[in-house]
Amino acid sequence: MINQLEQNHLPKNVKADILIVDDTPDNLRVLSAMLTNQGYEVRKALNGQRAISSVQLEPPNLILLDIKMPGMDGYEVCRNLKASYPTCEVPIIFISALDDALDKVKAFASGGVDYITKPFQEAEVLARIEHQLRIQELQHQLVEQNKELLRSNRDLEQFAYVVSHDLQQPLQSVTGFVKLLQLKYGCSLDEVAQDYLNRIFATGNRMQKLIQDLLAYSQIDKQEQMLENIDCNEVLNQVLDNLQEAIVTKQATITHDSLPTVQGDETQLIQLFQNLISNALKFIPEHTNPSIHISATAQKNQWHLGVRDNGIGIKPEHLEKIFEIFQRIHSTQTYPGTGIGLATCKKIVERHHGKIWVESQFGAGTTFYFSLPMVKV
Ligand SMILES: Nc1ncnc2c1ncn2[C@@H]1O[C@H](COP(=O)(O)OP(=O)(O)O)[C@@H](O)[C@H]1O
Ligand SMILES: [Mg+2]
């Protein structure tokens, strides 16, 4: 069926295939002559039933449909065609005589895209037909471009996954051997050589972090999502445990509201909280102790959670771009990182049908908010 529709899409310079449905043979002749003159392929049907069979057999690019016909009227034919794929994709222009009471609302409600009234003005009919065909063409392009985008996005994610997965092991052996070299032969090397080894080790570690982050990012959409009732208090405890070292070194204070139980994937929620809290611990001015609060408020059928810090803040012009992958505002020397954390958070929240956003005051602090679905009762 899809192929049929794709074939139906017109290459440049090929005129459209138009079906005219009218129970008056004279009307059919006039319209048909007019359109054939313009180079259109024309098909004709004298009643609704034949029209439907013709469209089902091979969908035209457009239908001109008389409203008043014995048996099935135009509205009914239209509703019938709109009820199933691929006939629903064909634009329908209604034709009505001037003395018919044209019910425009009904015409649009049954799925028509336009209407023309008899007697016709040739130029107007042609203009309306061209217009609808152009809209159909643009819609088709949009669908195709969307498919292409999805495809290339999937390819890119697959590429990121394979590369990061396959790079992990060789890199581990590089850093492993450097460590061995330091341990076994470190004391027989001069200071310059030791400095070189230290740098190789540090660079290897940075690369490992980048690869781990990239792997985590590309796996979000790959993994089967395990939706369960998850107590966010437990998620937070786990995350605070994971970040214990940074919390103690930075003498951070972390407080939180009583957190809700939400519908979510536990591993992904841990990643989400951990990315946000580790940012809150990291983007802090020198000699300031982080003070972080995790809030939760109930909105309609969602929870809004927030992670507030007293850090360096973000300038308004940077607020949009930080959710894009690899986008960082600071150099890795000032604040180490890979620029993948927030892109991962965004993906996770969107997979939970939520939104993530940020409010910040440059120099004073930042709050990241995200919404998560409430547990269905
Ligand atoms: N709590 C925060 N305070 C200030 N800036 C932040 C905060 N969180 C994130 N940012 C900014 O957003 C950028 C992207 O964050 P993220 O994707 O987590 O990358 P990374 O932490 O690896 O730098 C950071 O480099 C930083 O500039
Ligand atoms: Mg981060």
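Just so it is clear, none of the values below were taken in a lab; they were calculated from the coordinates. Keep in mind that what you see is a predicted model, and the values were worked out from it rather than measured. Because the Cβ atoms are built from the backbone with ideal geometry, glycine has one as well, and the counts that use them run over all protein chains shown.
In the elastic network of the chain, a GNM with C-alpha springs shorter than 10 Å, the most mobile of 204, 186, 363 is 186.
Were the residues from residue 332 through residue 171 laid out at 0.36 nm apart, the gain over their Cα-Cα distance would be 55.9 nm.
Separation of segment 224-262 and segment 287-322, taken as the distance between their Cα centroids, equals 15 angstrom. Taking the DSSP beta bridges with both ends in the chain, the antiparallel portion is around 55 percent.
Between residue 143 and residue 324, the modelled label-to-label distance comes to 3.1 nm, taking each label 7 Å out from Cα in the direction of the beta carbon. Measuring between alpha carbons in the structure, the pairs from 68/118; 82/106; 147/355; 209/321 lying more than 19 angstrom apart are 147/355; 209/321. Compared with the direct C-alpha span, the chain from residue 298 to residue 233 gains 21.9 nm at full extension, assuming 0.36 nm per residue.
Here the extension length gained between residue 122 and residue 103 equals 4.6 nm, from 0.36 nm per residue of separation less the Cα-Cα distance. For segment 151-219, the relative contact order is 57 percent, taking Cα pairs closer than 8 Å that sit 6 or more residues apart in sequence and dividing their mean separation by the residue count. Between 277, 294, 135, the Gaussian network model of the chain with springs among Cα atoms under 10 angstrom shows the greatest mean-square fluctuation at 135.
As a footprinting exposure proxy, order 372, 149 by other Cβ within 10 Å, with the fewest listed first. Ascending number of Cβ neighbours within 10 Å: 149, 372. For segment 228-373, the relative contact order is 24 percent, taking Cα pairs closer than 8 Å that sit 6 or more residues apart in sequence and dividing their mean separation by the residue count.
Separation of segment 155-174 and segment 67-140, taken as the distance between their Cα centroids, equals 55 angstrom. Taking every Cα-Cα distance in the chain and sorting them into 10 Å bins starting at zero, the pair-distance distribution P(r) comes out as 4, 17, 18, 13, 13, 14, 11, 6, 2, 1, 0 percent. Summary value for the chain: 10 percent relative contact order, contacts being C-alpha pairs under 8 angstrom separated by 6+ residues.
Which of 37, 310, 233 moves the most in a Gaussian network model of the chain with Cα springs under 10 Å? Comparing 37, 310, 233 in a Gaussian network model of the chain, the most mobile one is 37. Rounded to the nearest 0.05, what FRET efficiency do residue 162 and residue 83 have when you use their Cβ-Cβ distance and R0 = 45 Å? Efficiency, from the Cβ-Cβ distance: 0.55. Going from the fewest other Cβ atoms within 10 Å to the most, the residues 78, 232 appear in the order 232, 78. Axis angle, to the nearest 10 degrees, between helix 266-282 and the longest C-alpha principal axis of the chain: 60 degrees. Spin-label model, residue 131/residue 206: points 7 Å from Cα along the beta carbon direction are separated by 6.0 nm.
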